[in-house]
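As structure tokens, the structure follows; a few thoughts come after it.
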Amino acid sequence: MNMTPERFAQLVETHGSQPARWPEQERHAAEAWQRDNPAAQALCREYAQLEALLDALPTPVLPGLEQRVLRRAASLAGDNLLDQAMDWLLPHGDRLLAWIWRPALVACLPLVCGIYMANFFSFGISGPEVAWEEELALLALNDYAEIAE
Amino acid sequence: MTDDEALMQAIVAGDSRAYEAAIRQHLKSISHFAFRMLGNSKDTEDIAQETFLRLWTHASTWQREKASVSTWLHRIAHNLCIDYLRKDKSSLSSEYEDEHEGSDRPADAPERTQQLAALQQALECLPERQRSAVVLSHYHGFSNKEIATIMDISVDALESILARARRSLKAQLKH
């Protein structure tokens, strides 16, 4: 490709002053143009100065940012464990089924808790042998007060 | 499978360690980009937090054939910065003078200091997309194709933006 002053300027403005960043297919022609052309050399020097100044601009420092971002990440990951548990409990994919299944599951929780608590605590109900005698008395239509004595 | 693919698959699967590794790997670049776009640490932190929140919530939308994870994250940050700048430009304040590394280094010569201040001001005065293109090209070393992907424009359009930005910076420094 033939190099022109306009194309050379465009290359430098677009890719910078370093030949290594110029497109490979035009690099050879552009380097030859630069070698033979004082105006091209001057243009490259100007852009090289600009790049050196850009390099010299201070790098931002953001103290504690990484810790704060990681702290938030940890809380997000915590939420995800709950989500994973829910995903395990709920059927995947079918949103409609999930919408029915989730309230049903929540509604069943008090029932399960009630069964467990009733099984664990007697709440003053006597043993089965006494209950059996009481039941026989009722069936025989006996005076319940006599048995109780 | 590439490193990027393995990382993103792990994040999609809910692996918090992979997520933390991604943050450690990309946070510096993302936060420096946001700082150079916005010029203050508070907004930079908001952008960084939001970018990595989206990494966690939108990891499944990443497509390896379209962009590397770094390019994808910079695209998110770029879009957030542009939204931020357009939403409330008036509230932005520049802390660039205060927030930089190497404050204990020997002072630059006065002329050099003036040049740097002029360049900083020229950068801040560039239109958003020109500033983004220069920052991504010069400081982050992305290729023009990658920057075009980040900015969601064609390579030709990007090259036109870059040329205008560099010409403008050079002209400002001459004054």
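Here are the numbers for the structure shown:
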item: Order of A:I115, B:I150 - criterion: other Cβ atoms within 10 Å of each residue's Cβ, fewest first; result: A:I115, B:I150
item: Distant-in-sequence amide H partners of A:L57 (H built 1.01 Å from N, under 5 Å); result: none
item: Two-site FRET efficiency, B:S160 against A:V106, from Cβ-Cβ distance with R₀ of 41 Å, rounded to 0.05; result: 0.10
item: Theoretical gain in end-to-end length, A:A137 to A:E6 [0.36 nm per residue, Cα-Cα removed]; result: 35.7 nm
item: Candidate lysines for bridging to B:K170, where Cα separation is under 24 Å - those fewer than 8 sequence places away on the same chain excluded; result: B:K145
item: Calculated FRET value between B:I82 and A:E51, using beta carbons and R₀ = 41 Å, to 0.05; result: 0.95
item: Max mean-square fluctuation residue, GNM over chain B, Cα-Cα springs under 10 Å, options B:R36, B:R129, B:R86; result: B:R86
item: Other protein chain Cβ atoms within 10 Å, averaged over every residue that makes up A:68-74; result: 6
item: Exposure proxy order (Cβ contacts within 10 Å, fewest to most) of B:R75, A:R102; result: A:R102, B:R75
item: Between 0 and 90°, nearest 10: helix B:155-174 axis offset from chain B longest Cα axis; result: 30 degrees
item: For chain B, built as a Gaussian network whose Cα springs stay under 10 Å, the top-fluctuating residue of B:L116, B:L27, B:L136; result: B:L116
item: Neighbour-count order for A:Y116, B:Y84, fewest beta carbons within 10 angstrom listed first; result: A:Y116, B:Y84
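Each value in this text was obtained by applying a stated rule to the coordinates, not by laboratory testing. This structure is a prediction, so every number in the text was calculated from the model and none was measured. Backbone-built Cβ (ideal geometry, glycine too); neighbour counts: all protein chains shown.
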